[in-house]
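Colleague: The following block contains the structure, expressed as structure tokens.
What follows draws every value from the coordinates through simple rules; no lab data is involved. In this text the structure is predicted, and so the values were computed from the model without any measurement. Cβ coordinates were reconstructed from backbone atoms using ideal geometry, including for glycine residues, and neighbour counts include every protein chain displayed.
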Amino acid sequence: MSREIKERTILDTFAEDFVNVVEKHAKYVIVSGFVAIAHGRSRGTEDVDIIIETIKKDAFIKMHNDLLKAGFECLQSEDPEVIYDDYLKDKISVRYVRKGHFIPEMELKLAKDELDNYQIRTRKKLPLTGLELYFSSIEMNIAFKEELLRSEKDMDDAKHLRIIYSDVLDENEITRIKAEIRRLRLS
């Protein structure tokens, strides 16, 4: 199968600029719809989802301040203590944008359970995207989309990834992850 790397988009540049700051402070993983979009799936989105390892408040404040210096702002609050105490600590995501813009958004959340920690531990750079970003595994993305999210666009994303990676998918891993999703998120 011939695989061509897609042209870079505003969303690609936004994601790379954001993670260039984040990775100085925490391990991260890009998840959900942007994974399929980065693999050439044609569908709209205005956000990128990122999970970072659980970090303490002082480490988050440093990261937040570096994000501000890099030209980003948090939509929920300007105060990093409020962001951490009222949102992230309670496993509620927050959204960052470039200052003065409403889109695209980076939806950031702290790892909330074993599945999120597993995604961070098994993160990969996916050469077919042409991006220097860590993504959750293709198997993880397919499992989440088919077992938990299940919207029409999520099922289409999973189908797209199944086609692109048909020759290397580990179906046993997808089955194992789906069982963990049922145990941790659907019980």
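Colleague: Out of the stretch 46-129, which chymotrypsin sites (Phe, Trp or Tyr not before Pro) are coil in DSSP terms and have no more than 14 other C-beta atoms within 10 Å?
Modeller: Answer by residue number: F102.
Colleague: Antiparallel DSSP bridges in the stretch 1-150: what percent, to the nearest 5?
Modeller: 65 percent
Colleague: While we're looking at this one, here's another question. What trypsin sites (Lys or Arg not before Pro) does the stretch 95-187 have in DSSP loop regions with at most 13 other beta carbons within 10 Å?
Modeller: K99, R150, R185
Colleague: Please compare each pair in K27/K56; K57/K124; K24/K89; K27/K112; K56/K124 to a cut-off of 22 Å on the Cα-Cα distance and tell me which ones are over it.
Modeller: Pairs exceeding the cut-off: K57/K124; K56/K124.
Colleague: Loop-only check: which trypsin sites (Lys or Arg not before Pro) in the stretch 18-79 are DSSP coil with at most 11 other Cβ within 10 angstrom?
Modeller: In loop regions of the stretch 18-79 (DSSP not H, G, I, E or B), the sparsely surrounded trypsin sites (Lys or Arg not before Pro) are K24, R43, K56.
Colleague: Can you give me the pair-distance distribution of the chain, C-alpha pairs, 5 Å bins, whole percents?
Modeller: 1, 8, 16, 21, 20, 16, 11, 5, 2, 0
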